[in-house]
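The values are calculated or read from the model by the stated rules, or taken from the named source; none is laboratory data. Model, not experiment: these values are computed from the prediction. So basically every Cβ, Gly included, is an ideal-geometry build from the backbone, and we count neighbours across all protein chains shown. We work out accessible area using only protein heavy atoms, side chains counted, and drop any ligands, DNA or RNA first. Shrake-Rupley method; radii C 1.70, N 1.55, O 1.52, S 1.80 Å.
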Protein chains: 2
Amino acid sequence: MPILRRRASVSDMTETTNAPTDIRETTPAASGSAADVARQLRVDIIRASDAAGSGHPSSSLSAADLMAVLYKSHLTHDFDNPSNDDNDRVVFSKGHASPLVYALLRAVGAISDEELLTYRKRGSRLEGHPTPHLPWVEVATGSLGQGLPIGVGLALTARHLDRLPYHTWVLCGDSEMTEGSMWEAFEHAAHAGLDNLTAIIDVNRLGQRGPTRHGWDLDAYSRRLEAFGWQALQVDGHDVKACDEAYRTAKATAGRPTAIIARTVKGRGVPSIENRDGHHGKPLEDADDAVAALGGVTHHRVEVAKPSGRGIAHRFSTSFEARSPRWDLGDKAATRAAYGEALAALGYERGDVVALDGEVSNSTKADIFAKAHPERFFECYIAEQQMVAAAVGMQSRGWRPFASSFAAFLTRAGDFIRMAPISHADICLTGSHAGTSIGPDGPSQMGLEDLAMFRAVLGSTVVYPSDANQAARLVRLLADRGGVCYMRTNRPATEVLTPPQEPVRLGGSRVLRQQRDDAVTVVAAGVTVHEAVSAADQLSEDGIGVRVIDCYSIKPIDVATLQDAARVTGTVITVEDHAAEGGLGDAVREALADSDEPPRVTSLAVRQLPASATGAEQLHAAGIDAAHITETVRDLLTASPSPVGSTAL
Amino acid sequence: MPILRRRASVSDMTETTNAPTDIRETTPAASGSAADVARQLRVDIIRASDAAGSGHPSSSLSAADLMAVLYKSHLTHDFDNPSNDDNDRVVFSKGHASPLVYALLRAVGAISDEELLTYRKRGSRLEGHPTPHLPWVEVATGSLGQGLPIGVGLALTARHLDRLPYHTWVLCGDSEMTEGSMWEAFEHAAHAGLDNLTAIIDVNRLGQRGPTRHGWDLDAYSRRLEAFGWQALQVDGHDVKACDEAYRTAKATAGRPTAIIARTVKGRGVPSIENRDGHHGKPLEDADDAVAALGGVTHHRVEVAKPSGRGIAHRFSTSFEARSPRWDLGDKAATRAAYGEALAALGYERGDVVALDGEVSNSTKADIFAKAHPERFFECYIAEQQMVAAAVGMQSRGWRPFASSFAAFLTRAGDFIRMAPISHADICLTGSHAGTSIGPDGPSQMGLEDLAMFRAVLGSTVVYPSDANQAARLVRLLADRGGVCYMRTNRPATEVLTPPQEPVRLGGSRVLRQQRDDAVTVVAAGVTVHEAVSAADQLSEDGIGVRVIDCYSIKPIDVATLQDAARVTGTVITVEDHAAEGGLGDAVREALADSDEPPRVTSLAVRQLPASATGAEQLHAAGIDAAHITETVRDLLTASPSPVGSTAL
């Protein structure tokens, strides 16, 4: 996915900045006390925001002392080699404190003063909220409540995958403590005994629009965190000795994660805005004065301790004994079962493949992987946000996570999925029990919006197999694919129509029925492929030729095959067990609309709220079964314009 | 939205069920002890699941005693008049315990034994998970972790809107305690002091695929809930006296909500499955034996206490002094500001309009409403799931909620939004700061997937105004619209192009530039309308006629105007500040693909991950500004086929 890997260069920034001397050449190693460093961080926070004309200096200033002490005395990280496996990981869950991130990077000598002042400018690596365009930034943050869950993923990786002693430090805002995802993370981390994880909670009392719920009631946070099984340490976040002691305690504590609950002052260091509402997300009005009052620009250098060990991340042993599963033509199997079988088989071949599930592994069939590779399976319970966040954390360390739940419930993690490409994440998500074909459980369990959600994710890949052989093959292809990958699987068993030896490819499709004089093309995917074949065979008996395309790759889509078919048949019908918007119909129209003579496209999709019924009754009620396809074909061939599939009010 | 209001009839079910006598005619009022009633509930749970051949009897059996005691001795509800304002509300957050819901409805005489046995069959109101097809079901559940947040919305409504003493009871599963949304709800409820809310937590120790994290460690739950400010009462959930006492205490407690943490046995009452893993979501193998062992079918009748008062829900006084805001042509204003102004004005006219926001009201401009109507504004802090859930709860009591956050962060509530139509909910959501036009904050803050998410919601309405007059008018139109309504607003001020007196309608559009010999149609929405106008004016100077359509109503869309324009110009270009999938381009193609001769459609959209830059730089980098529109028009008119907008790999 090269479009997602664009690493911005700052070389084109020089003309837009007042470039002082690059301090990396001239500054001696390790200079200044923690207080000196904190003062420098404040100055740089103010300068960067001032140069940008935007940003969140007040939210950065509150955490300057906390981070000065961490970097100076407790962090272990080789900034010359950010990919060192042994490096501690730092995640700014309060991503809007990006000026502090960049001020720290200058203090450790990773970026120049010149680059610091490119903050938020076009082409700069120093974005409004931190992203992995900078090699020292593990994952993107900026949507609050995501950094800590991702940090849990990193700590799980350290403990169970990499098997290395590095520590994960997460700076959290007090405002984000209201996000449910934080509590999914607190719960997961304590239950997993992640003493290699420390959350630093910057309690500066003020959110974007006013006071937080708990203000400076540090006990309110301690009570909650202790109840969740964390060690909670309260400190004055501007007392460097107290911070130092807290970090020491955190690292020395075994068996449970630690939260450092720090009372801080928003805007600390700039009296005109200290602890005052109305200064969120704004550069200072008098930046020069504030910088001068803090002692002006300094060039203290923080020498962060480098890892002493030469840790090499653990890799699981592989075996080529296991074969990828295959089914014979005419077998019946659910695509969700094929997912589980194929993933388990892949796990034997590839030691980097790991799986996560949201307490439904006996439905998604991730349990087949769990049984085969228990050391690489992560039960996330019913916490889909934490599940996706953990996957993002794991992939940032080079693992290849496959996470699964019902297609319907992956929408719970919509914001985490949206953020994944900003983290440059390569993850595979599988949503089972998609569509009305699940039958009697009813609409709460049906994924009817999942294709729309995943298609809109930047750089995503979306596949929807119609049989077990396709599903198994797609698992292997997605394992090598970049970006956010999504596979939609079905609950009921479907007949195997794809020969086991036939190639399946991303961007491919299968033509299942084809005659020279085809009058209509029916494009289907997943369960509706079987309905389309049945309709085509029925119509064939009446001498009506229907071309049937199994569009198992929805993004990318097989533009050439679709355009060829459309050229021959003119009329195209799409049939999907999904809402009418954002799914197969939209994808097919997109592929065809750039032709010289786009065909007419009629879409059969789920347009009314389903209730309970059997799977077959559901497909019939939604108007997406063989009977409706047959009827639609006949209508289109006899009447014009057709009343079917109109999307108007 | 009549399609969402389909109330299934059971009249067509009689041939599929073994219809016993309707007990409502023959049973005397109030019979049987709580234990007798619980036994009957168990029998009916087993019978209903057996008749359906699916369902979750084991998860229902664990809570039978708890609910028997509640309904018999503590609930206040007039089942003959479910719309009585004074009725207590009951929400089954563990919606899969639907057999228990229906067994209770038979016990109170609300449904017949005949209807009970229609469970999960096509046409039955007794769906796999409860929905408001039944008038005694407030809201749909079935996606775990949603019922309690909605219950918080109901309790807030009772306290602050209806101003009535009814109580909200929510039956929760222990498995769903891992969902972050539960903790958003616990936090909100305690902070709001909702002593009119009781959560009953059915700790049966077993989830779908195995044990829960905390098993029967009731203290683990108590510690967490007490830390969150709740009263936590531990009981044996099969001891009717203990349950009775706990309910009494809950109702008598002032100032904070109560959680009844009940130790229960999954499958209780059926020794062959009691407390055994592997029996989740399955009917019993020997239902007849189990029913016989429980004493067979009985006809005990629970007389639920009716409300003694004649409460009338509070309504806020209205005033017609305030006028809807309007802007003069050429004024500059942000659509988000127009949203806030218009909503505040509407609040004066309509006492049923309420607003909620996720701690960004000074950005979404909901703060204008908050200042005007502080009693009807709900600060939900950064907890978008709880915010949408509260809105769903409020609308179920007849209020008209408008909830807002950044468009990007509404994806956090994706699962709640998906479930809203299943609850038959009428809610308005507004997402501000949509698209790259926000500028330097970067992609984490940009809504680029929101149109895709909302278009795919069944029965939804999606609008995206380009100027303040449109935004203000659309607020008023959405207030009368059913289903899930979404308005997308922008951060930057845009020029007012819509005359204040010009009608704006759902399903409408505006033709901004039109000449007889237009060569191309450009369809835009929101910020890109202004780019399209600028491009058209530039091209006009070169003698190239471009028809510009402001497609402010994206669902429903103005099919007629789009098809007319396409007929004249042939070629169509769409331009949107959104991902290429699921948004304006897909909507326009959908509208045009059912024409007799669909036009060629080229889409300009955000196809690469944005970074930081100014708003104008962002539009340019994404290829959606006036310069790119101009270039695309020229390319399309001179070359064929065009290289622009290809959607292939």
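For segment A:579-584, putting each phi into the Karplus relation 6.51 cos²θ - 1.76 cosθ + 1.60 with θ = phi - 60° gives couplings of 4, 5, 10, x, x, 4 Hz, in residue order, rounded to whole numbers and with x for Gly and Pro.
Backbone phi angles across segment A:111-119, fed through the Karplus curve with coefficients 6.51, -1.76 and 1.60 (θ = phi - 60°), yield HN-Hα couplings of 10, 8, 4, 4, 5, 3, 7, 8, 2 Hz in residue order; Gly and Pro are listed as x. For A:Ser603, the residues whose amide H sits under 5 Å from its own are A:Thr574, ignoring neighbours fewer than 5 places away on the same chain, with H placed 1.01 Å from N.
Here is how far apart the A:Ser33 label points are across copies: 7.6 nm, shortest first, using a point 7 Å from Cα toward Cβ.
Each copy carries a label point for B:Ser272 at 7 Å from Cα toward Cβ; from one copy, the others' points are 7.9 nm away, ordered from shortest. Calculate for the protein assembly as shown the 222 nm mean residue ellipticity that helices alone would give, adding -39,500 (n - 2.57) per DSSP H run of length 4 or more and normalising by residue count, nearest 500 deg cm²/dmol. Helix-only estimate at 222 nm: -9500 deg cm²/dmol. Mean sequence separation of contacting Cα pairs (under 8 Å, at least six apart), scaled by the length of segment B:332-495, corresponds to a relative contact order of 30 percent. Beta-bridge orientation, the protein assembly as shown: approximately 15 percent antiparallel, per DSSP, counting only bridges with both partners inside. Solvent exposure of segment B:510-649, expressed per residue, is 33 Å² of accessible area, with all protein chains present and a 1.4 angstrom probe. How much of the accessible area of segment B:332-495, probe 1.4 Å, is carbon plus sulfur, in whole percent? The nonpolar share, carbon plus sulfur, comes to 45 percent.
For segment A:332-495, give me the percentage of DSSP beta bridges that are antiparallel, rounded to the nearest 5 percent. Given both bridge residues lie in segment A:332-495, the antiparallel proportion sits at roughly 10 percent. Put simply, chains A and B cover up around 9800 Å² of each other's accessible surface, both sides summed, when a 1.4 Å probe is used.
In the context of the full set of protein chains, segment B:202-357 has a per residue accessible area of 46 Å² (1.4 Å probe). Diffusion coefficient of the protein assembly as shown by Stokes-Einstein, Kirkwood radius over Cα pairs, 20 °C, 1.002 mPa s: 68 µm²/s. Note on segment A:33-293: Cα-only Rg and Dmax are 16.9, 50 Å.
Histogrammed with a bin width of 10 Å, the alpha carbon distances of segment A:332-495 distribute as 12, 46, 36, 5, 0 percent, first bin at zero.
Just the protein heavy atoms count here, and of the accessible area of segment A:120-202 at 1.4 Å, carbon and sulfur take up 50 percent.
Need the C-alpha centroid separation for segment B:97-176 versus segment A:478-511, integer Å. The two parts, judged by their Cα centres, are 39 Å apart. Please give the contour-minus-distance gain from B:Glu597 to B:Arg310: 0.36 nm per residue of separation, less the Cα-Cα distance, rounded to one decimal in nm. Length difference between fully extended and current span is 97.1 nm. For A:Asp80, inter-copy separations between label points set 7 Å beyond Cα along the Cβ vector come to 8.7 nm, shortest first. Sorted on the mean count of surrounding Cβ atoms within 10 Å across their residues, most packed first, peptides A:63-75, A:297-309, B:308-320, A:554-566 read A:63-75, A:554-566, A:297-309, B:308-320.
Per residue of peptide B:466-473, the mean number of Cβ atoms on other chains within 10 Å of the residue Cβ is 0.
Would you kindly calculate the translational diffusion coefficient of segment A:81-145, applying Stokes-Einstein with the Kirkwood radius from alpha carbon pairs, for 25 °C and a viscosity of 0.890 mPa s, and quote it in µm² s⁻¹ without decimals? Value of D from the Cα-based Kirkwood radius: 203 µm²/s.
Note that segment B:438-452 has calculated 3J(HN,Hα) couplings of 5, x, x, 4, x, x, 4, 9, 8, x, 10, 10, 5, 5, 4 Hz, one per residue in order, obtained from phi through the Karplus relation 6.51 cos²θ - 1.76 cosθ + 1.60 (θ = phi - 60°); glycine and proline are x. Descending by average beta-carbon neighbour count within 10 Å, the peptides A:579-591, B:202-214 line up as A:579-591, B:202-214, the highest first. Residue separation of A:Asp239 and A:Asp564 scaled by 0.36 nm, minus their Cα-Cα distance, works out to 109.9 nm of gained length. At q = 0.16, 0.18 Å⁻¹, what log₁₀ I(q)/I(0) does a Debye calculation on the Cα points of segment B:437-476 give, no solvent, two decimals? One equal scatterer on each Cα of segment B:437-476 leads to -0.58, -0.71. May I ask you to derive the relative contact order of chain A, considering only C-alpha pairs under 8 Å and at least 6 residues apart, and to give it as an integer percent? Relative contact order comes out at 12 percent.
Model label sites at B:Arg516 and A:Val297, defined 7 Å from Cα along the beta-carbon direction, differ in position by 6.5 nm.
With Rh defined as the Kirkwood radius, the inverse of the mean 1/r over Cα pairs, the Rg/Rh of segment A:510-590 is 0.94. With the largest listed first and rounded to whole Å, the semi-axes of the equivalent ellipsoid of chain B from the Cα gyration tensor are 52, 26, 22. Here the gap between B:Asp217 and B:Asp286, fully extended at 0.36 nm per residue and compared with their Cα-Cα distance, gives a gain of 21.7 nm. Counting Cβ atoms of other protein chains within 10 Å of each residue's Cβ and taking the mean over peptide A:624-632 gives 0. Amide H contacts of A:Val520 (H built 1.01 Å from N, in plane; Pro and chain starts excluded): A:Arg547 sit under 5 Å, all sequence-distant by 5 or more or on other chains.
The angle between the Cα long axis of helix B:468-479 and the longest principal axis of the Cα atoms of chain B comes to about 30 degrees, rounded to the nearest 10. The orientation-averaged shadow of the Cα convex hull for segment B:421-523, equal to a quarter of the hull surface, comes to 8.3 nm². Per residue of peptide B:200-210, the mean number of Cβ atoms on other chains within 10 Å of the residue Cβ is 3.
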